[in-house]
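Reviewing the structure listed below.
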Amino acid sequence: MEKRITLPLTEEIAKTLKAGDRVLLTGIIYTSRDAGHKRMCEALARGEELPIDPMNATIYYVGPTPAKPGTVIGSAGPTTSGRMDAYAPTMMSVGARGMIGKGARLPEVVEAMKKYTGVYFGAIGGAGALLAKCIKSAKLIAYEDLGAEALRELYVEDMPLMVIIDSEGNNLYELGREEYLAAKK
Amino acid sequence: MREINVQTITDVVEKLCIEANCHLPGDVKCAIKNCRACEDGKIAQGILDDIIENFEIADNENVPICQDTGMACVFLEIGQDVHLVGGNLAEAVDEGVRRGYTNGYLRKSVVADPVRRGNTGDNTPAMLYTEIVPGDKIKVTIGPKGFGSENMSQIRMFKPSAGLQGIKDFIIEAVETAGPNPCPPIVVGVGIGGTFDKAALLAKKALMRPIDSEHPDPFYADLEKEMLEKINELGIGPQGFGGKTTAIGLNIETLPTHIAGMPCAININCHVTRHKSEVI
């Protein structure tokens, strides 16, 4: 089922999304990956404020290539989400709700998603040139010294995603493969 | 003795870094299109359509196919009748990588220290392999290697008694464990034999070979076909959402080994399996 979603990702919207839904996402998202997540979680541990408002935020696990002159951003596909598993429950505990990436998540992340009504979206890994097309603006927010890993605010229009894991813990990686193998028999 | 200035190598490395990252090899494109034609599922078809559109955008606009423009793996086959002049070879290669990744707007993904981290800012150093071969030419091959798939690679030192079945099970186990993480459909490079380190290098070299080629020994050529079929029966599918196309190619490279061992390395690559060569 294809759904058009406008951010921010409220609890109400999150509950309507189910594993296997195709989503076209519009609104503001934030980029962060390994080093950025580490810094944000260290800041929270020290009781400091984050450079972004985490409430209902959606974080895109991406480190884009540099923008060529006259463009908004370079190629910008998802990185492997599992490396952010150590940080994702902490981010959800302060209100972040949406995660965009690719690849498997640990059970503790899924448990946190159920607790905080989180949604894990998949973008196509290796389709960075295509995904860059739906990014209409990019703004540096913090951690500039991290280069490709800096924290950026992106405005995306109709970003094509799949719901991989929904807030009830249903997982497209399991369901999709089971369905294919069952149909083959 | 033919003299070649290392500056020429810098120029070629710069050019190949950019070209390899923006233009997917023809054999890989062809394999993806063939797999698209065979997929039945709507989700799998849609993903392969998007992957095809993506490499076409990269081709037309000269932009990186994937944002992970990788570590620059550089293979130099240097003719023994070549005399390199004009500077240090390794520095010349790194300068080519530095210029390619800067001038080509490629991502700088290298940290200076594996534990203490810290981006080097120019994607150097290259992972450089040199080999001395007959002749008076130099063949330069660049294979930018992304780490989503590199992280899913494995190596195992088998007892010889594990035999062919041990190798087959290990290949399936590695692909199964990787699941959706390396951006399937994947390309699998398998290195069997040699020593611990040589097996890993063979697996990397297997990824530099066109996926429509086969091992010269019919025994291994048959094994390549058989394992590709078995992998595609797993049902992992494009991006791990289920489907026929889990891998688009599997290459095996082999070397003699010790009476006591049977090393096997599996280097996994994504559908953006990039490499580009030029002979100087």
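What pairs in A:Lys15/A:Lys68; B:Lys137/B:Lys244; A:Lys102/A:Lys184 have C-alpha atoms more than 31 Å from each other?
A:Lys15/A:Lys68; B:Lys137/B:Lys244
Please check which bits of the stretch B:51-83 a label hung off A:Arg22 would reach, taking the label as a point 7 Å along Cα-to-C-beta and the cut-off as backbone N under 18 Å.
B:51-55
Counting Lys +1, Arg +1, Asp -1, Glu -1, what net charge surrounds A:Arg22 among other residues with beta carbon under 12 Å of its beta carbon?
That sum, taken over residues with Cβ under 12 Å, equals 0.
What FRET efficiency comes out for A:Glu42 versus B:Lys33 if R0 is 45 angstrom and r is the Cβ-Cβ distance? Round to the nearest 0.05.
0.45
How large is log10 I(q)/I(0) at q = 0.13 Å⁻¹ when the Debye formula is applied to the Cα atoms of the protein assembly as shown, each weighted equally and without solvent?
Log10 I(q)/I(0), no solvent term: -1.21.
Compute the projected area of the convex hull of the Cα atoms of the stretch B:34-134, averaged over all viewing directions, and report it in nm² to one decimal place.
Result: a mean projected hull area of 10.5 nm².
Give me the number: length gained by fully extending B:Ala260 to B:Thr102, i.e. 0.36 nm times residue separation minus the C-alpha to C-alpha distance, one decimal in nm.
Full extension of this stretch gives 52.2 nm more.
Taking 0.36 nm per residue of separation and subtracting the Cα-Cα distance, what length does fully extending B:Glu53 through B:Ala162 add?
Going from the current span to full extension adds 34.9 nm.
What is the local net charge at A:Asp85, summed over the other residues whose Cβ is closer than 12 Å to its Cβ (Lys, Arg +1; Asp, Glu -1)?
-1
Of A:Lys133/B:Lys145; B:Lys168/B:Lys205; A:Lys38/B:Lys29, which sit over 26 Å apart, Cα to Cα?
Result: A:Lys38/B:Lys29 exceed 26 Å.
Can you pull out the cysteines in chain B that have no other Cys Cβ under 4.7 Å?
B:Cys17, B:Cys22, B:Cys30, B:Cys35, B:Cys38, B:Cys66, B:Cys73, B:Cys264
Using unit Cβ charges (K, R positive; D, E negative) and no other charged atoms, how large, in debye to the nearest 20, is the dipole of the stretch A:2-184 about its Cα centre?
That gives the stretch A:2-184 a dipole magnitude of about 420 debye.
Given the -39500 (n - 2.57) contribution per DSSP H run of 4+ residues, what per-residue ellipticity at 222 nm results for the protein assembly as shown, rounded to the nearest 500 deg cm²/dmol?
-11000 deg cm²/dmol
Modelled label-to-label distance, B:Thr8 and B:Glu131, 7 Å Cα→beta-carbon offset: nm?
Taking the simple label geometry, B:Thr8 and B:Glu131 are separated by 2.1 nm.
Would you work out the relative contact order for chain B, in percent, from Cα pairs under 8 angstrom that are 6 or more residues apart?
About 26 percent, as a whole number.
State to the nearest 20 debye the size of the charge dipole of the protein assembly as shown about its Cα centre, where the only charges are +1 on K and R beta carbons and -1 on D and E beta carbons.
460 debye
Assuming R0 = 25 Å, what is the FRET efficiency of A:Asn170 and B:Glu233, from their Cβ-Cβ distance, to the nearest 0.05?
0.50
Quick one: work out the % antiparallel among DSSP beta bridges in the protein assembly as shown, nearest 5.
For the protein assembly as shown, the DSSP antiparallel bridge percentage is about 55.
What dipole magnitude, in Debye to the nearest 20, does the stretch A:1-46 give about its Cα centre under +1 on Lys/Arg Cβ and -1 on Asp/Glu Cβ?
Its charge dipole is roughly 100 debye.
Along the charge dipole of the protein assembly as shown, Cβ charges K/R +1 and D/E -1, which of B:Tyr129, B:Ala200, B:Ser153 sits furthest on the positive end?
Selected residue: B:Ser153.
What nm distance separates the two modelled labels at A:Asp158 and B:Val279, each placed 7 Å from Cα along Cα→Cβ?
4.8 nm
Can you spot the aspartates and glutamates whose alpha carbon is less than 15 Å from B:Lys33's alpha carbon? Ignore those fewer than 8 places along the same chain.
The reachable aspartates and glutamates, counting only those whose Cα sits under 15 Å from B:Lys33, are B:Asp49, B:Asp50, B:Glu53, B:Glu56, B:Asp212.
I'm a student and want to see the number: the projected area of the Cα convex hull of the stretch A:2-184, averaged over all directions, in nm².
10.2 nm²
Among A:Gly47, B:Met71, B:Thr246, whose Cα lies farthest out toward the positive end of the dipole of the protein assembly as shown, if unit charges sit on the beta carbon of Lys, Arg (+1) and Asp, Glu (-1)?
Toward the positive end, the furthest listed residue is A:Gly47.
Which distance in nm do the two modelled labels at A:Leu106 and B:Asp113 give, with both placed 7 Å along the Cα-to-Cβ direction?
2.5 nm
Placing +1 on the Cβ of each Lys and Arg and -1 on the Cβ of each Asp and Glu in the stretch A:1-112, which of A:Pro89, A:Leu7, A:Gly70 has its Cα farthest towards the positive end of the resulting dipole?
A:Gly70
May I ask you to list the GluC sites (Glu not before Pro) in the stretch A:93-158 that are in a DSSP loop and have at most 12 other Cβ atoms within 10 Å of their Cβ?
When the GluC sites (Glu not before Pro) of the stretch A:93-158 are filtered for loop state and at most 12 Cβ neighbours within 10 Å, nothing remains.
Calculate how many DSSP beta bridges within chain B are antiparallel, expressed in % of all such bridges and rounded to the nearest 5.
Once the DSSP bridges in chain B are tallied, antiparallel ones form about 55 percent.
Hey, got a sec? Which GluC sites (Glu not before Pro) in the stretch B:164-243 land in a DSSP loop and have at most 13 other Cβ atoms within 10 Å?
B:Glu233
Lys and Arg at +1, Asp and Glu at -1: add these up for the other residues within a Cβ distance under 14 Å of A:Glu174 and post the number.
Its environment carries a net charge of -2.
Taking the stretch A:1-99 on its own, what percent of its Cα-Cα pair distances exceed 18 Å?
53 percent
Kirkwood hydrodynamic radius of chain B from all distinct Cα pairs, in Å?
It works out to 19.5 Å.
Where a number appears in this text, it was derived from the coordinates with a stated rule and is not lab data. The structure presented is a predicted model; accordingly, all values stated were derived computationally and were not measured. Positions of Cβ are backbone-derived with ideal geometry, glycine not excepted, and every protein chain shown enters the neighbour counts.
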